[in-house]
Amino acid sequence: MSRRADPFLDFDDALDWWDEPPVREEPAPPLRTRPARRRRPPPRTFAGDLARLRAALAPHTRLLAAGLALVVVAAVALWRDASAPEPSERQASERPAAAARPGNQAEAPSLPETARLLREGQRGADVRDLQHALAALGYYEQAADGAFGEGTAAAVGAFQSANGLLADGIVGATTAAALRDAVAARAEVDAGSAGEGLEAAAADGRLDEEAAARHRETLTRAQTALAELPSGRGAVVAAVLRSVAVHADAYDGPRALTLFGMLEANVAHLRESPLRDPPGEVIADDGIVYRFQAGHGFQFHPLGSFARLNSLVRRERREQAGTLARALVERGVPVGNGLLWEYYFPFGGPSRWSSGFAQAIGAQSLARAGELLDDPQLLGSARAAFRLIPRELSLELPYGAWIQEYGHSDMPILNAHLQSIVSLDAYVRITGDERAGAFMDNMAAAARSLLHRFDTGCWSRYSLDGSPANAHYHAYHIELLGHLARIREEPIWGETARRWSAYEAAGGC
């Protein structure tokens, strides 16, 4: 089963937003032979004389036979070279890897000439590099953990089948070379698409020429890094370049800044640091958070960035908070009189999407930064962040409004909704936005009406009438209910928090 990281999991505590060695192959056993039998000399008879004559002629007969055999073998070899399928990876691994072709394999980042046969059951950095290369090509969606399991074998087999190789799930010199070529070829195409997108955006007036020139320099640095970085890191850069190229037809000021800034952050980080397990996140100099997504590299993460802004404000890091807040505003895409922050990797939907959850945290954190810094522009940006929630990023249920955690999904998810009520409460208190206050009350009414349907009788559910939440989200639900009990008068929040805490103490279902 694919193990993709939830893009909204693994953040700081919710209230912080507030106040095997290589496998040795045994040598094949020696062939067992019988002792040669000694022949007696033939007797001096006519038959014996005939046998001696044959023996005298035998060397010449064997020479003639050997010559005929060589001709036959050469003819068979020529026929097999013309018609036989690719050699197996086991055979390929026993031969020296072919020399890299200038400008192609020599510069490809995806996988080095493999020093050992890679197959199911092995572990190591070379397996992790293989997984990153497969992920960059779209064959592997799980975490790159360096363990060659069934999922990795299946991905290798799928790649081999798609590229006309023997699909044995084993990586030797032939598959390694094919992977290098495939990643290099895709990166070359993606770089071309990104460059054309910049040209078109500048020609159409969607992007000023100075910004386009900066982004071209970023693209050039990424292409250089692809040729110079170690294999696993190079494959990650190629994956990010893919994300940048996918959106080439939508480049404008904010999107190009976000996308090429993301590419620059990946190159800078991967030039200096090896990939950890798990890779985690990268925080750029301006405070923007880039969170690792399998197959897509370190991706711009609005929710993580807004959560970090809340943390900086809470600790009164004024300079850092101001830098991050303004960097986030620059990356907000204008939609009417609102600002929208987008994700640029697919997660069960389109390659470009947004989140009401992230927008609510954005409104809260920008309002708090505006208050801390006494900055009316940041307060205005906070209002612009909120405006899109009722209009674009919420569901209208019979009981009231429900926040959309994923803008492309109608699934009512509990943690996103409760956290959004908590965050919007802070936003309303700072800005006095009456429309937001009424909308927040509507959200709270929907939560009160439906909360019992998130209760299994021994645990909480992740989504409406859905599966039980994991331990992380169950604890998160309890914390959010406890906070709602402190800021709102309805007793249901505290009562539910105590009941779900008892479920947790009892060990669940």
ask   = Highest mean first, what order results for 189-196, 231-238, 137-144, 332-339 on Cβ atoms within 10 Å?
value = 231-238, 137-144, 189-196, 332-339
inquiry  = Given points 7 Å out from each Cα along the Cα-Cβ axis, report the Ala125 to Arg498 separation in nanometres with one decimal.
reply    = 5.6
remark   = Relative contact order of the range 393-494 (C-alpha contacts under 8 Å, at least 6 apart) in percent is 24
note = Ranked output for segments 121-133, 268-280, 473-485 by mean other Cβ atoms within 10 Å, highest leading, reads 121-133, 473-485, 268-280
inquiry  = Give me the percent relative contact order of the range 272-337, please, defined on Cα pairs under 8 angstrom at least 6 residues apart.
reply    = 24
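Could you work out what % of the accessible surface of the range 159-244 is carbon and sulfur, using a 1.4 angstrom probe and leaving DNA, RNA and ligands out of the count? Show your work: numbers first, answer last.
Details: 1640 of 3360 Å².
The C+S portion of the solvent-accessible surface of the range 159-244 is 49 percent.
Could you do me a favour and compute the accessible area per residue for the range 153-254, 1.4 Å probe, result in Å²? Don't jump to the answer; show the numbers that get you there.
Numbers: 3840 Å² over 102 residues.
With the other protein chains kept in place, the range 153-254 gives 38 Å² per residue.
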ask   = If you place +1 on the Cβ of every Lys and Arg and -1 on the Cβ of every Asp and Glu, how big does the dipole about the Cα centre of the range 328-382 come out, in debye to the nearest 20?
value = 240
task = Give me the percent of the accessible area of the range 257-304 that comes from carbon and sulfur atoms, probe 1.4 Å, all protein chains in place.
result = 50
Peptides 205-216, 167-178 ordered by average Cβ neighbours within 10 Å, highest first = 167-178, 205-216
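For the range 404-509, what is the accessible area per residue in Å² when the probe is 1.4 Å? Can you show the working numbers first?
Values: 4350 Å² over 106 residues.
Averaged over the residues of the range 404-509, the accessible area is 41 Å².
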request  = Pairs of Cα atoms under 8 Å, at least six residues apart: use those to get the relative contact order of the range 167-265, whole percent.
outcome  = 35
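When the accessible area of the range 375-509 is computed with all protein chains present and a 1.4 Å probe, what percentage of it is carbon and sulfur?
Numbers: 2810 of 5620 Å².
Heavy-atom surface of the range 375-509 belonging to carbon and sulfur, 1.4 Å probe: 50 percent.
Taking a probe of 1.4 Å, how large is the accessible area per residue of the range 257-334, in Å²? If you can, show how the numbers build up before the last one.
Details: 2960 Å² over 78 residues.
Per-residue accessible area for the range 257-334 comes out at 38 Å².
Determine the dipole magnitude for the range 353-456: charges of +1 sit on the beta-carbon of Lys and Arg, -1 on that of Asp and Glu, nothing else is charged, the reference point is the Cα centre, and the result goes in debye to the nearest 20.
Values: 8 positive and 12 negative charges, 16 e Å.
It comes to approximately 80 debye.
Using +1 on the beta carbon of Lys and Arg, -1 on that of Asp and Glu, and nothing else charged, what's the dipole of the range 375-423 about the Cα centre, debye to 20? Walk me through the numbers before you get to the answer.
Details: 3 positive and 5 negative charges, 32 e Å.
Result for the range 375-423 is approximately 160 debye, rounded to the nearest 20.
The values are calculated or read from the model by the stated rules, or taken from the named source; none is laboratory data. Just so it is clear, the structure is predicted and the values come from calculations on it, not from any experiment. Positions of Cβ are backbone-derived with ideal geometry, glycine not excepted, and every protein chain shown enters the neighbour counts. Ligands, DNA and RNA are excluded from the accessible area calculation, which covers all protein heavy atoms including side chains. Shrake-Rupley method; radii C 1.70, N 1.55, O 1.52, S 1.80 Å.
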